[in-house]
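Inspection log for the structure reproduced underneath, given as structure tokens.
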Amino acid sequence: MAAKKHVVYVLGAGFSAPLRIPTIAAFLDRAKTLQQDDSRTYGYFDKIFETIKLLERAHNFFRTDRTSIEDLLTMLDLKDELEGTTDSQLFKKFICDVVISSTPEIPSSSNAQRWSDLFFGGEPWASYGVFVSALLGYEFFLTGTPKSNAPPTLSDYECREAKQGIRYSVISLNYDMVLEKMADHINATFQGSKRTFASTATGRGTPLVKLHGSVVKPESIVPPLLNKQYVDLAGLWSEAFAILKSANQVRVIGYSLPDADSYVRFLLRSAAVETRHLQRIDVLCKDDDGVVQPRYADFITFTDYRRGKDRQESFNGGDCYGYLANYQGQTEPWAKVIHPSDLLEMSHAKHFR
């Protein structure tokens, strides 16, 4: 029996941006809006903003990205390490509160016009639902008989594990719980569906390694430059390394390869030394300022590195929602058989043809 093709997704903040979860550049603006709307809950943000003003003094002497919360967290974490302070802990709570408060709920599926809206609550969540269903290895079948002149209902569809020739893994640089939230939604919607994401490649479920930590555990949030020093993350690095070195395809979505994330470059290089099966590297990331494409062009030397159908579109104007929503039009509004993995692969091929 032939081995399954292994596709690894590397996800950055741009992947979640269609849900209005702020990217690093927009993070502080979103925090100010949240505080303005609910000053009681987020009153402590004032202390965070004062701390940020103090950290901005560094820009008087050295170039500093004063809008990057990850740079600010790195500075605070180093200060805590050297001086025994705890300023970074409140900053981690701040990050979690902004991300959680900015993550929309999955709406109900009333008045759905197609199966994806019925299953996943309408756009933009529906596109994430198709993506997550593919990653988890689900397929859907119309098993009931809809009423005359009426669209199917959820009870008319069945979800089950698919027999597909692709296995997926995810390495995420995001703090949010978008993938896990949709997985929980699918499993709550369809009786018998129990697959989920696993933090290890050997666990039951689709591997999901979150190198920067997660909002469900504020203490797990780590700065990008120093997180190699965290003993608790050694296992995550090992998992990410094992996943990458066994990949047939690496698909980078919404990750701008910032200069501060030098460790990601080393992780990719280290895995490349061990890989025996890598066939393609595909990259999709918006680049309104024209800085992302040169970073990737300078870093990736692989001959089968692809940036989209015209080798520019992935960077200039290409957004993650367009990639996720490509499944639309590939099936009937009320399809009888739905294979999300096939839809994802056709969408990907369409974008990177």
Point to revise | Cβ-Cβ under 8 Å pairs, at least 6 apart or on other chains, region 237-255 side in contact (Cβ under 8 Å) with a residue 24 or more places away in the chain and part of a strand (DSSP E or B), far side charged (D, E, K, R) and buried (at least 17 other Cβ atoms within 10 Å of the Cβ) | key: Gln249/Asp282; Val250/Asp282; Arg251/Asp282; Val252/Asp282
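Here is a yes/no grid of residues against (1) under 21 Å from Pro218 (Cβ atoms); (2) among the hydrophobic types (A, V, I, L, M, F, W, C):
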{"position": "Ser16", "(1), (2)": "yes, no"}
{"position": "Pro22", "(1), (2)": "yes, no"}
{"position": "Leu28", "(1), (2)": "yes, yes"}
{"position": "Lys47", "(1), (2)": "yes, no"}
{"position": "Glu50", "(1), (2)": "yes, no"}
{"position": "Phe62", "(1), (2)": "no, yes"}
{"position": "Phe91", "(1), (2)": "yes, yes"}
{"position": "Ile100", "(1), (2)": "yes, yes"}
Review point. Is there a residue being surrounded by 13 or more Cβ atoms within 10 Å (Cβ to Cβ), hydroxyl-bearing (Ser, Thr, Tyr) and not in a helix (DSSP H, G or I) anywhere in region 119-134?
Key: no
Revision key, fill the gap. (1) within 30 Å of Gly144 (Cα to Cα); (2) not β-branched (Val, Ile, Thr); (3) not in a loop (DSSP other than H, G, I, E, B) all hold for Arg195 apart from (3)
Practice item. Look at region 1-55 and say how many of its residues are free of Cβ contacts under 8 Å to residues at least 40 places away in the same chain and either small (Gly, Ala, Ser) or outside any loop (DSSP other than H, G, I, E, B) (or both). Key: 17
Review point. Within the bounds of region 52-60, is there any residue that is surrounded by 14 or more Cβ atoms within 10 Å (Cβ to Cβ) and under 13 Å from Leu28 (Cα atoms)?
Key: yes
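Each value in this text was obtained by applying a stated rule to the coordinates, not by laboratory testing. Quick caveat: nothing in here was measured; it's all calculated off a predicted structure. Glycine also receives a Cβ, built like all others from the backbone with ideal geometry; neighbour counts cover every protein chain displayed.
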